[in-house]
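Have a look at the structure below, then the notes.
The values are calculated or read from the model by the stated rules, or taken from the named source; none is laboratory data. Given the structure is predicted, the values throughout are model-derived calculations rather than measurements. Cβ placement follows ideal geometry from the backbone for every residue including glycine, while neighbour counts extend to all protein chains displayed.
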Amino acid sequence: MDAIEVERLTKSYGRARGIVDLDLRVGSGTVFGFLGPNGAGKTTTIRVLLDFLRPTSGAARVLGLDSRADSVAIHRRVGYVPGDPALYERITARELFAWLSGLRGGIDERVLEGLVARFGVQADRPIHELSRGNRQKIALVQAFMHEPELLVLDEPTAGLDPLVQHEFEELVREVAAEGRTVFLSSHMLDEVQHLCDHVAIIREGCLVAVEEVATLRARAMREVTIHFAAPIDPAPFRVLPGVRDVEVRDANLHCHLTGSANHLVKLAARFDVLDFTSTPPDLEALFLHYYRDAEAGDGAAGH
């Protein structure tokens, strides 16, 4: 059973765009990235999944249950961090956790205290006195503390310092290793690529692509520079598979490469090579490439 199943899900706000005909499946026990810039439709999708918004059309199932008819049962089994957490500000974090625990019929206090210590939560100060980063830590703890089957996290690391972000990433890996599911919405590509098995890319309410992260890496572009002992003719390099943007200055060749470097290395080896450098794959560039392709398609459709 998939943790999330979405079929032709649409949410419109009158003339404004929400999400359009989304088809998406999130396998159980995976960390699934939902990637797109602010305003792309990520939060709208999540709010429809959790029945905070009603869809205009289409259907969604969460943990095998109907997102509308079974929303109360779904909420019992889900941990949720909203994009802009609203907390009861006049009480302390510890009082908030106790209240939420009571609503859930009790939780394992050892899990809660472990999370409080791990994230360095200031649990005994009124929430209204805390910084945004410290409020975000509270939002994370309340989502994880009842050990839910599914975690739905909307921009979960906003406002966190790097050390806390690292703890969050480690916790997500532990949750996945236990067979639970994480649906991670973010506009931060670096965060997604280090955590996720699969990624869905959304643009203006429509899915642009759903890919394995390993596939994205294989398609991602690397910058390559080769220093030769003497000037070379760039023409043979320009027709190699996966090679583009070839530039030669004196005895230095610079290009972009996707996929295997096999053909490039073999051709370069015919000459006297002094140095060969290659940057790591740039997934940010690949993400922008998906957006450019979508925009080009829109332009073509308009002519």
Residue set Val141, Val175, Val199, Val182; condition surrounded by 14 or more Cβ atoms within 10 Å (Cβ to Cβ), within 21 Å of Arg61 (Cα to Cα) and at pLDDT 95 or above; output residue Val182
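Take the residues of the stretch 9-46 that are aromatic (Phe, Trp, Tyr) and modelled with pLDDT under 95: which is surrounded by the most Cβ atoms within 10 Å (Cβ to Cβ)? Before you say what the answer is, go through the steps one by one.
Just the residues of the stretch 9-46 that are aromatic (Phe, Trp, Tyr), to begin with: 13, 32, 34.
If we keep only those that are modelled with pLDDT under 95 too, we end up with 13, 34.
Details: Tyr13: 10, Phe34: 30.
Taking the candidates together, the pick is Phe34.
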key: Condition check for Glu191: of a type in the set (Asp, Glu) and in contact with a His (Cβ under 9 Å, 6 or more places away or on another chain)   = no
* Can you spot a residue in the stretch 81-95 that is under 19 Å from Val172 (Cβ atoms), modelled with pLDDT of 95 or more and hydrophobic (A, V, I, L, M, F, W, C)? -> yes
How many residues of the stretch 47-59 are surrounded by fewer than 23 Cβ atoms within 10 Å (Cβ to Cβ) and either out of contact with any Gly (no Cβ under 8 Å at 6 or more places or on another chain) or not β-branched (Val, Ile, Thr) (or both)? The answer is 9
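In the stretch 192-286, which helices (runs of 4 or more DSSP H) lie fully inside it and hold 2 or more residues that are within 34 Å of the chain's Cα centre (by Cα)?
Working: elements: 213-219, 235-238, 262-268.
Output list reads 213-219, 262-268.
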Residue count, the stretch 168-191, condition in a helix (DSSP H, G or I) and more than 11 Å from the chain's Cα centre (by Cα), comes to 10
Notebook entry, point to check: Within the stretch 63-72, is there a residue that is within 24 Å of Glu7 (Cβ to Cβ), surrounded by 14 or more Cβ atoms within 10 Å (Cβ to Cβ), under 27 Å from the mean Cα position of the chain (by Cα) and β-branched (Val, Ile, Thr)?
Noted result: no
